[in-house]
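Peer 1: One structure, as structure tokens, below. Some questions next.
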Amino acid sequence: MNKPRLGKGLGALLGEYLEPESVPADAGRLPLSAIIASPLQPRRVFNDEELEELTASIRENGLLQPLVVRPAPGSPDRFELVVGERRFRAVTRLGWDDVPVIIREATDETLLVLALVENLQRESLNPLEEAEGYLALSDRFELSHASIAQAVGKDRSTVANMIRLLKLPPSLRRLLEEGRLTQGHARALLSLDDAVKASELGRRAAKEGWSVRELERRVGGAARKARRKQPKEDDPVLRALSQALEAHLATRVEVRQGRGGKGAIEVKFHGTEDFERLFELIVGRRVHEIVE
């Protein structure tokens, strides 16, 4: 596959950190115990089968490319990974005492961009990890979407659309992260203002295997129905609180108020799994911790 191009500005900045084809003359060795993983690594999920294949390859052929590290901020004699998270995990599995490294000075901004580029080159980030990486560059380092796009070799609109994925309700983010929904499904659901309805449709799409086109059709129907529906005459404060509960729980919530301020809250659930999800959100504990 073609590797993402780097923009002129950050591309020049990152040039010296890009992985060499072989061990360079300035590579040294460090104890594995002196190296720590980067807290800025955007990738949270590592495929165990792929990692085992890499471990087997390194066991057979050795480490063909050194790790790139930087002095760990505030930790003398410790070094933080800049490039090579998968290799670091593989040699840790092998129980190596030390490892070949290249030591470089790198800012947090450089480190985060490098981690993003390295993972994007391998297509190893799930959509939410990629989106969170872009958001960190935007919020922490105040980079524009255009600057981020230039750095990682993407279109500006692609970066903006990826960041929008983080607006999905938690239940839909989980389905996207697990691969049960695609980015196409997610974009269709983001067009719905009703987070609860979006969650319901997303769960059905994942369960019933809807195509993106089918989901778009259902979303369009739900949007038209919502526009036709007349708003209820109720207490605006109570309605706002009901909507906040619905957004937090990602399900239908009905609040009924009677005389004297008394009333009831009804929370809808769709099966045992959904009930346990809601229980955990409300109580803060898992069902099996209560019932054993």
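Since every read-out is calculated from the coordinates, none of them should be taken as a lab result. A quick note: this is a predicted structure, and the numbers were derived from the prediction, not measured. FYI the Cβ positions are ideal-geometry reconstructions off the backbone, even for glycines, and counts take in every protein chain you see.
Peer 1: Around A205, what is the net charge, scoring Lys/Arg as +1 and Asp/Glu as -1 over all other residues with Cβ under 12 Å from its Cβ?
Peer 2: Local charge sum for A205: +3.
Peer 1: Next up: Collect residues whose amide H, placed 1.01 Å from N in the peptide plane, falls under 5 Å from the amide H of I36; neighbours closer than 5 in sequence don't count.
Peer 2: F79, E80, L81
Peer 1: Residue by residue through the stretch 187-200, which ³J(HN,Hα) values in whole Hz follow from phi under the Karplus form 6.51 cos²θ - 1.76 cosθ + 1.60 (θ = phi - 60°), with glycine and proline marked x?
Peer 2: Rounded to whole hertz, the list is 4, 5, 5, 5, 6, 8, 6, 7, 5, 5, 5, 4, 5, 4.
Peer 1: Could you derive backbone 3J(HN,Hα) for the stretch 207-219 from the dihedral phi with the Karplus parameters 6.51, -1.76 and 1.60 (θ = phi - 60°), listing whole Hz in sequence and x where the residue is Gly or Pro?
Peer 2: Result, rounded to whole Hz: 5, 9, x, 5, 6, 4, 4, 5, 5, 4, 5, 5, 5.
Peer 1: Same structure again: Just to confirm a number: summing +1 for Lys and Arg and -1 for Asp and Glu over residues other than A160 whose beta-carbon lies under 13 angstrom from that of A160, what do you get? Write out the running numbers ahead of the final one.
Peer 2: On the way: positive: K154, R156, R164, K167, R187; negative: E130, D155.
Residues near A160 contribute +3 overall.
Peer 1: Towards the positive end of the charge dipole of the stretch 236-290, with charges on Cβ (+1 Lys, Arg; -1 Asp, Glu), say which of A240, Q257, F275 has the farthest Cα.
Peer 2: Positive-end residue among those listed: Q257.
Peer 1: For E52 and A223, calculate 0.36 nm times their separation in residues minus their Cα-Cα distance, and state this gained length in nm to one decimal. Walk me through the intermediate numbers first.
Peer 2: On the way: separation 171, 0.36 × 171 = 61.56 nm, distance 4.65 nm.
Gain on extension, E52 to A223, equals 56.9 nm.
Peer 1: Taking the Cβ-Cβ separation of K207 and I290 as r and a Förster radius of 45 Å, what is the calculated FRET efficiency to the nearest 0.05? All intermediate terms of the calculation are to be shown ahead of the outcome.
Peer 2: Numbers: r = 27 Å, r/R0 = 0.60.
The value I calculate is 0.95.
Peer 1: I35: net charge of surrounding residues, Cβ under 15 Å, Lys/Arg +1, Asp/Glu -1, itself excluded? Display every interim value, and only then the final one.
Peer 2: Numbers: positive: R29, R70, R78, R86, R87, R89, R93, R104; negative: D77, E80, E85, D97, D98.
Here the count lands on +3.
Peer 1: Let me ask something else about it. With +1 on each Lys and Arg Cβ and -1 on each Asp and Glu Cβ, and nothing else charged, work out how big the dipole of the stretch 169-228 is about its Cα centre, in Debye to the nearest 20.
Peer 2: On the way: 15 positive and 8 negative charges, 54 e Å.
Around 260 debye, computed over the stretch 169-228.
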